[in-house]
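In what follows, a structure is listed as C-alpha cells, so that the remarks can point back to it.
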Amino acid sequence: MSEPETAGDVDPRATPGHIAELLGQVPTGLLIDGGWRPAETGQTFGVSDPATGQPLLRVADASPADALAGLAAADRAFPAWAATAPRDRAELLRAAFEEVLRRRDEFALLMTLEMGKPLPEAYGEVTYGGEFLRWFSEEAVRIQGRYGTTPEGNGRVLVSQHPVGPCYLITPWNFPLAMATRKIAPALAAGCTVVVKPASLTPLTTSLFAQVLLDVGVPAGVVNVLPTTASGPVSTAILEDPRVRKLSFTGSTPVGRDLLARSAPGVLRTSMELGGNAPFLVFPDADLDAAVEGALRAKFRNIGQACTAANRFFVHRSLAEEFTARVTAAVANYATGPGIRTGVTIGPLIEPRAVAKTGELVADAVARGATLRVGGHALEGAGSFFEATVVADVPAEAALMREEIFGPVLAITTFETEDEAVRLANATEYGLVSYVYTRDLARGQRLIERLATGMMGLNVGVVSNAAAPFGGWKQSGLGREGGLEGIREYLQTKYTLTPDPFA
Ligand code: NAD
C-alpha cells in the first residue's frame, strides 16, 4: 500500500488576503424588505471554519419577531411579483446565473471556508448551484395550462397555474449554494416570494447569494433571509401565520417529520428533501474499473456528507475482495486536510460532533465483526477531521448499515443473488437514491423497477442535475426539485368551467 498523500500548499485563490477581502463583502444582517438589518434583539452568532475551529464572521440572529417581519415583507411583495411578466422574472434569474458564475471564486472560497469541502468541489457546486438559476430562468416562461370541451359538449374546461404565495424555505449546511438556488430559483420563476432560513452552521453563502439577487434587480421583499440559531421558534412563528402558503425543507428526516406535523394546521403545501441511506450494488457482470471510480465519487464527494452519498455497498461475493482491495488502495492515497490546500480529497466534517459519531459507527461495526481495511480514526489537532475509511464484511445489524453515515466511511458487505441484493437494498425506511453497476441491460431494467428509490444511478456514481427531478420515495421525502417537476411545487392549479360559447 502506498503512503497517504499529504495536503499541499494553500491554493493561490485562497490566501489570507483573498479571505479577508471576501469576508468583508459578506452581508452579516437579516435581509428583510430589500435591506440588511440587525436582529430586533441585537443578538448575533458566530460562524466558524470547520478546518480550524476559528471564527469567520458574526451574523445577526433572527428572532420570531424578525421572522414575522420577513414574512410580512414577502406577503407585501407577492402580488406585484406574481404579476411581473414571466420574461422579466426569467431575465432576473438569468442575470443572477451570470453573476454567480462571474463571482465563482468568491462563492467557492466562501463555501470551503464555512462548510469545509475541498476548493475544487466548491467550484463544482458553484456550477451545479448556478445551473438551477439558468434552468428555472428557462422554465419561468413555460408555465402553461390547458383548454378542453366537457365530454357532454356543454362547457369548456380551462386549467391554469398560479403561484402558491409566500414560501418558507429551510436549507441544510452541506450544499450551501445549491440547496438555496434549488429552492429560490423555481419559487421566483413561478411568481412566489420567499423567506429563507439557511442552516446556522453555514449562513454566509446564502447571504452573499441574496446580495447577488438584489444586485441584479430582484425587487425588495421578494427574497428575505433569516440566519438564526432559533430554528424551532422562528419556524413556528412563520408556520403558524396564515400568510405563509408553502414550506420547502431540505434536511434530516426527523426534523422533516416534525415540520410536516407543524404544517398540518395551516394545511400548507410541503416539499420535503430528507435523509438517504443509498445502496450501491455491484453485480458480477459489472465493469469493475467503472464501479470503483463510481463508488469513490458516490462515497467521498462532499466528505461523505451528501444525502445521495452511497451508504451501503453490496458487492457480489465473486468480486468483493477485488473491489475492496481497489477502493482501499485508492482511499489510502487520499489526503485529509483543510479544503483550501491543494491535493486535499477529504476536508473537515462539519463539526466535532460529526467526528465523534463517525468514530462510534466504525467502532460499532468492528465490534460486530467487520474488518477495518484503511483509516478509521479522527485526526489529532485543530479542526474536525476524520480519515477516509473502508470497512469490509459489515454485518447487517451494524449501525453503519442502518443509519445515514454522513462521513467518509465506505462500508462493504456481500450478496449472492439478485433477489438477495434487492431485498437488502430495499430493507430501509429511506428511498432517495440507489446505484447499480451491471453490464447486463435486462438486469439494469429489472432493477429500475425493483429498487424502491426516487432516483437511480445506472453505472454512474453521481446523479444530481438541474434538469432532472431530484427527490425521494418513502421517508426520504415528498415532491421534487429540479427538472420540469421543480417549478410545479410552487404552482397551484385552478380549473374554470365556462358554458358552451355556442349555446
Ligand atoms: P437538519 O435537519 O439538522 O437541518 C436542516 C435545516 O433545518 C437547517 O436549516 C436547520 O437549522 C433546520 N432545523 C433544525 N431543526 C429545526 C426545527 N426544529 N425547526 C425548523 N428548522 C430546523 O439537517 P442537516 O444536518 O442540516 O443536513 C443533513 C441532513 O439533510 C441529512 O439527513 C441529509 O440527508 C439531508 N439532506 C437531504 C437532501 C435531499 O435533497 N434529500 C439534500 C441535502 C441534505
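To the nearest 0.05, what FRET efficiency results for ARG353 and GLU485 with a Förster distance of 51 Å applied to their C-beta separation?
On the way: r = 35 Å, r/R0 = 0.68.
With a Förster radius of 51 Å, E is 0.90.
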Could you pull out every one of the lysines with an alpha carbon less than 22 Å from that of LYS197, ignoring same-chain neighbours closer than 8 positions? LYS117, LYS183, LYS246
By how many degrees, 0 to 90 and rounded to 10, does the Cα axis of helix 352-367 deviate from the longest principal axis of the chain? 50 degrees
For the chain, take the longest principal axis of its alpha carbons; what is the angle in degrees between that and the long axis of helix 119-139, to the nearest 10 within 0 to 90? 30 degrees
Roughly how big is the range 197-258's charge dipole about its Cα centre, with Cβ charges of +1 (Lys, Arg) and -1 (Asp, Glu), in debye to the nearest 20? 140 debye
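What do you get for Rg/Rh of the range 59-182 when both radii come from the Cα atoms and Rh is the Kirkwood radius?
Details: Rg = 19.4 Å, Rh = 17.5 Å.
Rg/Rh: 1.11.
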Calculate, in nm to one decimal, what GLU98 and ALA427 gain on full extension: separation in residues at 0.36 nm each, minus their alpha carbon distance. 114.1 nm
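Counting each pair of different Cα atoms once, what's the Kirkwood radius of the chain in Å, rounded to one decimal? Show your work: numbers first, answer last.
Working: mean 1/r = 0.0423 Å⁻¹.
After inverting the mean inverse Cα-Cα distance, the result is 23.7 Å.
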Tell me which of PRO166, GLN475, LEU113 sits at the most positive position along the dipole axis of the chain, charges placed on C-beta atoms (Lys, Arg +1; Asp, Glu -1). PRO166
Arrange the peptides 158-168, 47-57, 217-227 so that the one whose residues have, on average, the most other Cβ atoms within 10 Å appears first. 217-227, 158-168, 47-57
Can you give the Rg to Rh ratio for the range 1-88, taking only C-alpha atoms and Rh from Kirkwood? 1.20
Would you mind checking the tilt of helix 16-25 against the longest principal axis of the Cα atoms of the chain, expressed as 0 to 90 degrees and rounded to 10? 20 degrees
The range 90-172, accessible surface, carbon-and-sulfur percent (1.4 angstrom probe): 49 percent
Taking the Cα centre of the chain as origin, sum charge times position over the Cβ atoms of Lys and Arg (+1) and Asp and Glu (-1), and report the length of that vector in debye to the nearest 20. 1240 debye
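For the range 192-305, what is the Kirkwood hydrodynamic radius in Å, using each pair of distinct C-alpha atoms? Before the final figure, lay out the partial values.
Values: mean 1/r = 0.0582 Å⁻¹.
Hydrodynamic radius (Kirkwood, Cα only) of the range 192-305 equals 17.2 Å.
Using a simple charge model, +1 on the beta-carbon of Lys and Arg, -1 on the beta-carbon of Asp and Glu, nothing else, what dipole does the range 278-466 show about its Cα centre, in debye to the nearest 20? Don't skip to the end; give the middle numbers.
On the way: 17 positive and 22 negative charges, 75 e Å.
That gives the range 278-466 a dipole magnitude of about 360 debye.
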Where labels lie 7 Å past Cα in the beta-carbon direction, separation of VAL366 and TRP473 in nm: 3.7 nm
Dimensionless Rg ratio for the range 278-466, taking C-alpha atoms and the 2.2 N^0.38 Å reference: 0.97
HIS162 and ASP88 label points (each 7 Å along its Cα→Cβ direction) are spaced in nm at 2.0 nm
Which listed residue (PHE415, ALA295, ALA325) has the Cα farthest towards the positive end of the charge dipole for the range 278-466, taking +1 on Lys and Arg C-beta and -1 on Asp and Glu C-beta about the Cα centre? ALA295
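If you count the DSSP beta bridges with both ends in the chain, what percent of them are antiparallel, to the nearest 5? Provide the component values of the computation, followed by the final result.
Numbers: 32 of 69 bridges.
Counting DSSP beta bridges with both partners in the chain, the antiparallel share is about 45 percent.
Under the rule of -39500 (n - 2.57) per DSSP H run of 4 or more residues, summed and divided by the residues of the chain, what mean residue ellipticity at 222 nm is obtained, to the nearest 500 deg cm²/dmol?
Details: 16 runs with 195 residues, N = 503.
Counting only the DSSP helices, I get -12000 deg cm²/dmol.
The values are calculated or read from the model by the stated rules, or taken from the named source; none is laboratory data. Just so you know, these numbers come straight off a predicted model, no measurement behind them. Cβ atoms come from the backbone with ideal geometry, glycine included; neighbour counts cover every protein chain shown. Only protein heavy atoms, including side chains, enter the accessible area calculation; ligands, DNA and RNA are left aside. Shrake-Rupley method; radii C 1.70, N 1.55, O 1.52, S 1.80 Å.
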